[in-house]
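The values are calculated or read from the model by the stated rules, or taken from the named source; none is laboratory data. What you see is a predicted model; the values in this text were computed from it and never measured. So basically every Cβ, Gly included, is an ideal-geometry build from the backbone, and we count neighbours across all protein chains shown. Accessible surface areas use protein heavy atoms only, side chains included; no ligands, DNA or RNA. Shrake-Rupley method; radii C 1.70, N 1.55, O 1.52, S 1.80 Å.
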Amino acid sequence: QVQLVESGGGLVQAGDSLKLSCVVSGRTFDSVAMGWFRQAPGKEREFVAGINSNGRITQYTDSVKGRFIISRDNAGDMVYLQMNSLKPEDTAVYYCAATSRPWLTTSIGDFGSWGQGTQVTVSS
């Protein structure tokens, strides 16, 4: 049973930074790609950032490129999302997710394990 637990969300002002963390247990963490998704009220869950199993390849949705950075610590079974220059439109519940394969993917259907989510609210 794979478990993912996110932390680090909160209420911030526009322009501030937050760092989300996700700890993964129950599987060989360094063999799978990871991703961060978000879901705003009334909207579908969307891909935000992804990273392959060894951390060398990353991908971002256009709206966060240059502001967000995904990283991972395979020794500590952790994945992070550093969010800078936050905007009100970044407000959402952010989810950490794991695939069962080493290569990076942006398709939500490829992620079989999910955390419970952490709320990020950005005020203007």
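Restriction of the trypsin sites (Lys or Arg not before Pro) in region 1-60 to DSSP coil positions whose beta-carbon has at most 10 other beta-carbons within 10 angstrom yields 43, 56. Residue 111 sits with roughly 10 Å² accessible to a 1.4 Å probe, with DNA, RNA and ligands left out of the calculation. Candidate cross-link partners of residue 43 among the lysines, defined by an alpha-carbon separation under 21 Å and a same-chain spacing of 8 or more, comprise 65, 87.
With 10 Å bins beginning at zero, the pair-distance distribution over Cα atoms of region 1-70 amounts to 16, 47, 31, 6 %. Ranked from largest to smallest solvent-accessible area, with a 1.4 Å probe on the protein heavy atoms, 46, 89, 6 come out as 89, 46, 6. In percent, how large is the relative contact order of the chain, given Cα pairs closer than 8 Å and 6 or more residues apart? Result for the chain is 36 percent. Checking every one of the trypsin sites (Lys or Arg not before Pro) in region 65-112 against DSSP loop status and a limit of 15 other Cβ atoms within 10 Å picks out 65, 67. In the chain, inverting the average of 1/r over every pair of distinct C-alpha atoms gives 14.1 Å as the Kirkwood radius. The alpha carbons of region 36-101 give a radius of gyration and a Dmax of 12.1, 37 Å, in that order. When all protein chains stay in place and ligands, DNA and RNA are ignored, the 1.4 Å accessible-area order of 114, 103, largest first, is 103, 114.
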